[in-house]
Structures are given as C-alpha cells and as structure tokens.
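Student: Attaching a single structure in structure tokens format; questions to follow.
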Ligand SMILES: Nc1ncnc2c1ncn2[C@@H]1O[C@H](COP(=O)(O)OP(=O)(O)O)[C@@H](O)[C@H]1O
Ligand SMILES: [Mg+2]
C-alpha cells in the first residue's frame, strides 16, 4: 500500500512516516523507515552517497509513486535541490512566483510577495535578472525564495549547499538559520556533511542500509561552535556511525577562528 496523505497529519506533527520502503529492481534501498517529526523542527538526514537519502526525500515530497508504506505530510511543502532548477527563460522574480498562481494568489499579490522574499534572501535588485547571470550562491538564494514564498509547512532540502564554495556555504547556513527562525517550517535537510548537520539541525538522523540507524538530538549550546566539546563529541559519534575513521580522513576539529571558512567540514567524500 502506498499512502501519501496530505491533510491527515496530527496537529503538532509535520511528518509521519511508517515502514517506508522503496525497491529498484532487486535492490531494496529503503527497508522500513519510521520517522515522525514536529512542526518547526529542523531535522538533518545524513548518509553515505547512494544510501537512499534523496529517495526518502522524494518520497516525502510526493515525487515518487513507487514508494510503499504510510507517509503523512502537510499539504504545503517545498523542495530545494542541489541545483537551483530555475527556468532560464523567466526572470528571477517570475521564477520565484511561478507556483503561486496555482494557489489562487493574484498576480499582483504574488509579485509583491516574491519581491519581499527576494529581499529577505538578499537578492533585492535582482528581480529582473535572467537566471544565467546569477552566481551559484545567488541561484540557490532564488531557489530558497521560490520555496519559501509558498509559506511551506514542510521544507525539504536535498544537499542545497553541496555545489557551493566554502565561503558561500557559510553564508547560506546563516541565511537558512535566519529564515527558519522567522518562518518556522519543519525542515528535512539531506546532507552528507556532518558539520552542516550539527550546525543547523535540532535532530540528526543517519540512514544506513535502508533504515534510520541513529536518531539523535543536538544538544550543543548556541551559537554552535565547531570547537565546542559537545560539537566535537557529536561529530565523532556521527562519523563513527557513518563508518568514517576520523584520523584517517583528516577530520580533526579545526582550530581556526569560527568565522574562517574551512574545508575541514567533516564532509564525506
Ligand atoms: N529511479 C531510480 N532507478 C533505479 N535506481 C535508483 C533510482 N533512484 C535511485 N536509485 C538508486 O537508489 C540508491 C539510492 O539513491 P539516492 O537516494 O539518490 O542516494 P543518496 O541521495 O543517499 O546519495 C542508489 O543506488 C541509486 O542508484
Ligand atoms: Mg542524493
């Protein structure tokens, strides 16, 4: 049975998934995922490349008709992928508001909301630009604006910072934190970057062999610093769960200033 429900999530829950399975040919990629998380909660999903993170995210997004199990998610949900997926023939503003007309929002109101959201992500003045003129970071900001302008109850992020350089990624982390604090959507962030997960999420999950093998609350005081002993301990625990030998991978905790972008982010290659 496949049941991707929209309306029937309990009031305080954003996501309820039970025994979610997905098989491609002979390969069972998701082998019974159970997960519940609440409104406004920020959850990160870690896993090695090919472990099924995107498959699970697509299942929650309602983009996969071949998934089995029971999935209950809110009606208003948005997805941001690693590539911005902006339509090249439409202006940045038109890209942002494209989905709104289907929600019964008038053109004028949509454009006003779109402009406000572009300002919010730091893209004011770029409304009439063509997507191809944007940098990678700006394009992802536009994709975030497009996702948030619909006021999603669930925001699904599939490695949205994966293709960005280290400095841009640091800025995007700050932006996502700020937007989450302001709009409070439930977030599922798929990433293979351990530090990114610990920096941003309330709770971190690890997907191993098709099941959630670790589900852990992030208990690191704010602002979260990579040098914090709690951060270091959690990073070590997550890397171990992912089967990464910290010393061999050069994942020593950085000793540099927190504001200095570092390539040593605990990312799995
Ligand atoms: N549409 C598909 N058809 C066949 N195999 C797929 C399909 N989508 C994903 N897979 C396989 O499922 C596994 C998990 O993929 P994915 O969810 O993209 O992993 P991740 O996002 O964790 O890197 C991979 O082995 C991938 O090749
Ligand atoms: Mg993926």
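The values are calculated or read from the model by the stated rules, or taken from the named source; none is laboratory data. None of these values were measured; they are calculated from a predicted model. Note that we place each Cβ from the backbone using ideal geometry, even for glycine, and neighbour counts take in every protein chain shown.
Student: Looking only at region 180-199, which residues are more than 16 Å from ligand 2 (Cβ to nearest atom), touching a residue at least 40 places away in the same chain (Cβ under 8 Å) and closer than 24 Å to residue 72 by Cα?
Tutor: 180, 184, 185, 186, 187 - these are the residues of region 180-199 that are more than 16 Å from ligand 2 (Cβ to nearest atom), touching a residue at least 40 places away in the same chain (Cβ under 8 Å) and closer than 24 Å to residue 72 by Cα.
Student: Something else: With the structure loaded, tell me whether residue 180 is in contact with a strand residue (DSSP E or B) (Cβ under 9 Å, 6 or more places away or on another chain), surrounded by fewer than 22 Cβ atoms within 10 Å (Cβ to Cβ) and modelled with pLDDT of 95 or more or whether it fails that test.
Tutor: Values: in contact with a strand residue (DSSP E or B) (Cβ under 9 Å, 6 or more places away or on another chain): yes; surrounded by fewer than 22 Cβ atoms within 10 Å (Cβ to Cβ): yes; modelled with pLDDT of 95 or more: yes.
Considered against the rule, which asks whether it is in contact with a strand residue (DSSP E or B) (Cβ under 9 Å, 6 or more places away or on another chain), surrounded by fewer than 22 Cβ atoms within 10 Å (Cβ to Cβ) and modelled with pLDDT of 95 or more, residue 180 comes out as yes.
Student: Same structure, new question: State all residues of region 30-51 that are within 11 Å of ligand 2 (Cβ to nearest atom) and either in contact with a strand residue (DSSP E or B) (Cβ under 7 Å, 6 or more places away or on another chain) or in a strand (DSSP E or B) (or both); if no residue qualifies, say none.
Tutor: Initial filter on region 30-51 (within 11 Å of ligand 2 (Cβ to nearest atom)): 45, 47-51.
45, 47, 51, listed by residue number.
Student: Which residues, counting only those in region 13-46, are on the phi > 0 side of the Ramachandran plot and within 16 Å of ligand 1 (Cβ to nearest atom)? Before the answer, list the steps.
Tutor: Filtering region 13-46 for residues on the phi > 0 side of the Ramachandran plot gives 19, 25, 32, 40.
Across region 13-46, the qualifying residues are 25, 32.
Student: Of all residues in region 231-248 being modelled with pLDDT of 95 or more and in contact with a helix residue (DSSP H, G or I) (Cβ under 9 Å, 6 or more places away or on another chain), which is surrounded by the fewest Cβ atoms within 10 Å (Cβ to Cβ)?
Tutor: So the residue we want is 240.
Student: Select from region 146-163 the residues that are out of contact with any strand residue (DSSP E or B) (no Cβ under 8 Å at 6 or more places or on another chain) and away from ligand 2 (no atom under 16 Å from the Cβ) and list them in ascending order.
Tutor: Residues satisfying the conditions are 149, 151.
Student: If you check residue 84 against the conditions, is it in contact with a strand residue (DSSP E or B) (Cβ under 9 Å, 6 or more places away or on another chain), at pLDDT below 95 and either part of a loop (DSSP other than H, G, I, E, B) or on the phi < 0 side of the Ramachandran plot (or both)? Talk me through it step by step, then tell me what you get.
Tutor: Numbers: in contact with a strand residue (DSSP E or B) (Cβ under 9 Å, 6 or more places away or on another chain): no; at pLDDT below 95: yes; either part of a loop (DSSP other than H, G, I, E, B) or on the phi < 0 side of the Ramachandran plot (or both): yes.
In short, no.
Student: Could I ask something else about it? Kindly indicate the residue of region 52-73 that is crowded, with 22+ Cβ neighbours inside 10 Å and not in a helix (DSSP H, G or I) and also nearest to ligand 1 (Cβ to nearest atom) among those meeting that condition.
Tutor: Selected residue: 52.
Student: Please go through region 74-100 and give me each residue that is under 18 Å from the mean Cα position of the chain (by Cα), closer than 26 Å to residue 169 by Cβ and surrounded by fewer than 17 Cβ atoms within 10 Å (Cβ to Cβ), ordered by number.
Tutor: The answer is 83, 85.
Student: Consider region 104-129. How many of its residues are surrounded by 14 or more Cβ atoms within 10 Å (Cβ to Cβ) and assigned to a loop (DSSP other than H, G, I, E, B)?
Tutor: 7
Student: Tell me, please, whether a residue that is closer than 30 Å to residue 244 by Cβ and touching a helix residue (DSSP H, G or I) at 6+ places or on another chain (Cβ under 6 Å) can be found in region 125-144.
Tutor: yes
Student: Name, by its number, the condition in (1) within 14 Å of ligand 1 (Cβ to nearest atom); (2) farther than 30 Å from residue 217 by Cα; (3) in contact with a helix residue (DSSP H, G or I) (Cβ under 9 Å, 6 or more places away or on another chain) that does not hold for residue 159.
Tutor: Among (1) within 14 Å of ligand 1 (Cβ to nearest atom); (2) farther than 30 Å from residue 217 by Cα; (3) in contact with a helix residue (DSSP H, G or I) (Cβ under 9 Å, 6 or more places away or on another chain), the lone unmet condition for residue 159 is (2).
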